[in-house]
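In what follows, a single structure is set out as structure tokens and then discussed.
Rule-based calculations on the coordinates, nothing more; no lab input. No experiment lies behind these values; they were computed from the predicted model shown. Positions of Cβ are backbone-derived with ideal geometry, glycine not excepted, and every protein chain shown enters the neighbour counts.
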Number of protein chains: 2
Amino acid sequence: MKNSKMVLYYYLGRGSLSQLKGLLDGKRGGKSDAFAVVVIDHYFDGKNLFSTDFLEHQDLVIYADTTEEPKTSYIDELTDLVKERGQLPVAVVGIGGGSTLDIAKAISVMLTNPGKSVKYQGWDLVKNPPVYKIGVPTIAGTGAEFTRTAVLTGPEKKLGINSDHSVFDQVILDADLLKTVPTDQFIYTAMDCFVHNEESLLGRINDAMTIALAEKSLDMMKEIFLGEMDHEKLLVASSLGGQAVANSSVGICHPLSYGLSIVLGLHHGFSICVAFNQLEEYYPNVKVFKEILKKYNIVLPRVMEGVTEEQLDIMAEATLKNEKPLSNAFGDDWKNIFTKEKVKDLLRKM
Amino acid sequence: MKNSKMVLYYYLGRGSLSQLKGLLDGKRGGKSDAFAVVVIDHYFDGKNLFSTDFLEHQDLVIYADTTEEPKTSYIDELTDLVKERGQLPVAVVGIGGGSTLDIAKAISVMLTNPGKSVKYQGWDLVKNPPVYKIGVPTIAGTGAEFTRTAVLTGPEKKLGINSDHSVFDQVILDADLLKTVPTDQFIYTAMDCFVHNEESLLGRINDAMTIALAEKSLDMMKEIFLGEMDHEKLLVASSLGGQAVANSSVGICHPLSYGLSIVLGLHHGFSICVAFNQLEEYYPNVKVFKEILKKYNIVLPRVMEGVTEEQLDIMAEATLKNEKPLSNAFGDDWKNIFTKEKVKDLLRKM
């Protein structure tokens, strides 16, 4: 039986980033060597899009390169960089999208746990309590701000550090930070949450809480994307989606998207969209997804153009490694239902 | 700006009460003098309705008298009883309905904060961190398992200890515990949550999170009571309702119910029903509430029969003391809109 861990504190409201200063000052306790690690998506570097008055001179600011999804080697490198200070930071803050938040989570865990991060990819492998951490999403839909995973790409597999220790202690939901996100990026990211919800609801692993949260999150997404855009509401829909998937599992779409990402280097949200678009036989809300694409004039490109048979094979293998999501979707007998040929057929359409 | 505190851990599932033993053993750490305080609703005394194998001989079990709603004097008495042990317990557990959960919350706070409990009725008056506490609802709808309040009746006012320190650290949602609740009691309690949601949604104080949670909780309640009864789903609806009201406020119904409770000693859920039944001019879902009463063949009795003008006056005064809920419902000018005469008119119909 699972003891579900929740984010202990959250701020919600435009301008709530201003609360970060007080939170960090409280942790520093006036000590001049007490420093915070602040991981900010490199997109914001030099752009002055928000005030950084929460920083003190001793803080370590890392503008994280999220061109590619976070690799375990990158986490190890950043962790070593922090360790050079010779003492633990009082907080690790992540300000950015899902990748940035996952980097912050992973650093907070790796600072207090020995070895390389690849060792902790899996479920409940983290032993020592992590450094206190704060998540500030600047885009909505990853749900990363409320989940217990930090998704990392290792040399062999893309798999999260799934642990209660990956859960943020504090989240700040400030819709003002979403203002500069381009529309297509918005859609790709929000669809991650949309698809999470659909996979949770139509899978075998869920409970009354997951169902309630995923249903509501999905309804809100539809209202937002087919009705009126509302950044604050989108942040809430993402949070509920993040909480929902915590007690469930993804399904067919995420494994396929991992295959795409690993071989083609596609960003998570985008590859989720590319994969989901071909899954109408499994997921009724693919229809709604297509309506949304149409409304926002988004035409998904063909990504499989020029992909070799060998690459296709690697994609299919990477997809089929995701035992938990696929048995969630198809049951214990999933291998006989979702065959390699079936996976390849689906991939070829993308 | 408000930093919303959430329950850190929850179990959800039939039989999840069995997890209590592990949680308490973990806190006792094998020490023979490490004891837990377990507050159980007196309804369960001698009934053997659930296994108490989580108890150790050194634990202090309190079968709480919830015939009346918890008084501050009762909390002080129970706190003194615990203090006689000469050391703090490792945990305070509440197993019961809203009153029992509120008693457990209040004891956990009062064990580490000086003076009488009446001193802490209000908002954010608690200074010292409380004893670790676990809430196990045996009825759904109070939302008490997820709120930051412990409602107490003092010599002068019925008002909660509203504090982050009143939030449970751990909640166990076990639908098996709801099996023996009589139908009318079920309805009265669930309606508390139903009304909370309606008051939150139609009030001025709320945010995107409150709205999402209250809407979903309300929808689920309608599905459960007009469709199929589902205890687990009801526990979830109650939890979401509890979280929703945490970022909002009650409205017109709760203050009226407090007036009824104070003079007539009516139980909270029941007086909520009696009051809500007369509020169709303010709350559209009174109509749905009446459908539910009809479906379950519940006829609310007249409670004002024989009430004197003097008593009516006390009720109206008690109602009008609730400034926050009433300004939530009517705005800053509430005193000119919701006059004493109007309150008396409404009360007379009940």
Peptide B:234-242, shielding by other chains (average Cβ, 10 Å cutoff): 2
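Provide a whole-number value for the mean count of partner chain Cβ atoms within 10 Å of the Cβ atoms in peptide A:217-226.
Average neighbour count from other chains, rounded to a whole number: 1.
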GNM flexibility winner over chain B from B:119, B:21, B:47 (Cα, springs under 10 Å): B:47
Amide H within-cut-off set for residue A:11, under 5 Å, with H built and near neighbours excluded: A:171, A:172, A:173, B:4
Tilt relative to chain B, helix B:309-320 - C-alpha long axis, 0 to 90 degrees, to 10: 70 degrees
Mean Cβ count within 10 Å, highest first, over the residues of peptides A:151-158, A:191-198: A:191-198, A:151-158
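Direction-averaged shadow area of the convex hull around the Cα atoms of region B:206-350, nm²? Write out the running numbers ahead of the final one.
Working: hull surface 35.3 nm².
Approximately 8.8 nm², given one-decimal rounding.
Work out the length of the dipole vector of the protein assembly as shown about its Cα centre, built from +1 on the beta-carbon of each Lys and Arg and -1 on the beta-carbon of each Asp and Glu, and round it to the nearest 20 debye.
Charge dipole, the protein assembly as shown, about its Cα centre: 320 debye, nearest 20.
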Label spacing, shortest first and in nm, from residue A:84 to its equivalents in the remaining copies (7 angstrom along Cα→Cβ): 6.3
Among A:28, A:85, A:204: highest mean-square fluctuation, GNM of chain A, C-alpha pairs under 10 Å: A:85
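State, as an integer percentage, the relative contact order of chain A based on alpha-carbon contacts under 8 Å between residues 6 or more apart.
Working: 657 pairs, mean separation 54.0, N = 350.
Across chain A, relative contact order equals 15 percent.
How crowded by other chains is B:9-15, given as the mean number of beta carbons from other chains within 10 Å of each beta carbon? All intermediate terms of the calculation are to be shown ahead of the outcome.
Values: counts 7, 7, 4, 9, 5, 1, 1.
Rounded to a whole number, the mean comes out at 5.
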For residue A:226, label point 7 Å along C-beta direction: distances to other copies, nm: 2.1
Between helix B:72-83 and chain B: long-axis angle, C-alpha atoms, 0 to 90°, nearest 10: 10 degrees
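Quote the relative contact order of region B:183-348 in percent (integer), defining contacts as alpha-carbon pairs under 8 Å separated by 6+ residues. Don't skip to the answer; put the middle values down first.
Numbers: 215 pairs, mean separation 46.3, N = 166.
That works out to 28 percent.
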Acute angle (nearest 10 degrees) that the helix B:286-295 long axis makes with the longest principal axis of chain B, alpha-carbon atoms: 70 degrees
Radius of gyration and Dmax over the Cα atoms of the protein assembly as shown, both given in Å: 26.4, 88
